[in-house]
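Before any comments, here is the structure.
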Amino acid sequence: TDTLSCEDESNPDAKECLAKLSWKPVKFTVQLEDAGPGCGDYLVRFPSPRPIGNAKNDLVSMEWFAAHDSKGAICKAKPIVVVHESARSMTVGRLIARSLGQQGFHAFLIHLPGYGARKEGGRPSSYSQILPMMKQGISDARRARGAVAALPMVYRSMIGLECTSLG
């Protein structure tokens, strides 16, 4: 279930801005898939709270770089969502997520619209798609908190967010 709310914002300007980026909280499904080589332990998938009519972009993906104990088993740990840079390969974001996983955190590299598993034929076909995709990416990063909280082996009381460049 969506876990973030815009209801408690007291600053009028911030409240107006958040209202344009909010949606009605709902229950949603979180799925785990096999990750590609070098792309973490699992691929986490969930629906975007702000669909734009593109099936590939409307299904969010996050690479899960899990924390492991000394025997190599996934262990309970604090989670951090990593929002990658603007490079199509997401090299820096993946490096940060992998490093956080090695330091004992569960790191989740979220693929913004048009990147990674959400990439469809390169760049947006028109500039009119850029703003909706940016709003979708912001909403997806916010919903990622609820998706991460639904996963096993995750401490839910505090979920971190790390952003680089585009993030």
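The values are calculated or read from the model by the stated rules, or taken from the named source; none is laboratory data. Just so we're clear, the structure is a prediction, and the values are computed from it rather than from any experiment. Note that each Cβ is placed from the backbone with ideal geometry, even for glycine, and that neighbours are counted across all protein chains shown. Note: areas computed on protein heavy atoms with side chains; ligands, DNA, RNA excluded. Shrake-Rupley method; radii C 1.70, N 1.55, O 1.52, S 1.80 Å.
Details
- FRET efficiency for the Gln102 to Lys56 pair, using the beta carbon distance and R₀ = 35 Å, is estimated at 0.70.
- Histogrammed with a bin width of 10 Å, the alpha carbon distances of the stretch 1-103 distribute as 12, 33, 34, 18, 3, 0 percent, first bin at zero.
- Accessible area of the chain belonging to carbon and sulfur atoms, whole % at 1.4 Å probe: 56 percent
- Estimated 222 nm signal from helices in the chain, with DSSP H stretches of n ≥ 4 weighted -39500 (n - 2.57), rounded to 500: -8000 deg cm²/dmol
- If the segment from Ser157 to Leu95 were pulled out straight at 0.36 nm per residue, it would be longer than the present Cα-Cα gap by 19.8 nm.
- Stretched out straight at 0.36 nm per residue, the stretch from Asn11 to Arg88 would grow longer than its current Cα-Cα span by 24.2 nm.
- Rounded to the nearest 20 debye, dipole of the chain from Cβ charges on Lys, Arg, Asp, Glu: 200 debye
- Per-residue HN-Hα couplings for the stretch 98-112 [Karplus 6.51, -1.76, 1.60; θ = phi - 60°; Hz; x = Gly/Pro]: 4, 5, 4, x, 5, 8, x, 9, 8, 10, 10, 8, 7, 8, 6
- Cross-link partners for Lys27 among the lysines, with Cα-Cα distance under 25 Å and sequence neighbours closer than 8 places in the same chain left out: Lys15, Lys56, Lys76, Lys78, Lys135.
- GluC sites (Glu not before Pro) lying in DSSP loop within the stretch 7-38, provided at most 12 other Cβ fall within 10 Å: Glu7
- Amide H to amide H, with H built 1.01 Å from N, Glu9 comes under 5 Å of no residue 5 or more places away or on another chain.
- A Förster radius of 35 Å combined with the Cβ-Cβ distance from Ala73 to Leu21 puts the calculated FRET efficiency at roughly 0.35.
- Volume of the Cα convex hull of the stretch 43-156, divided per residue and given in Å³: 89 Å³
- Rolling a 1.4 Å probe over the protein heavy atoms gives the chain an accessible area of 54 Å² per residue.
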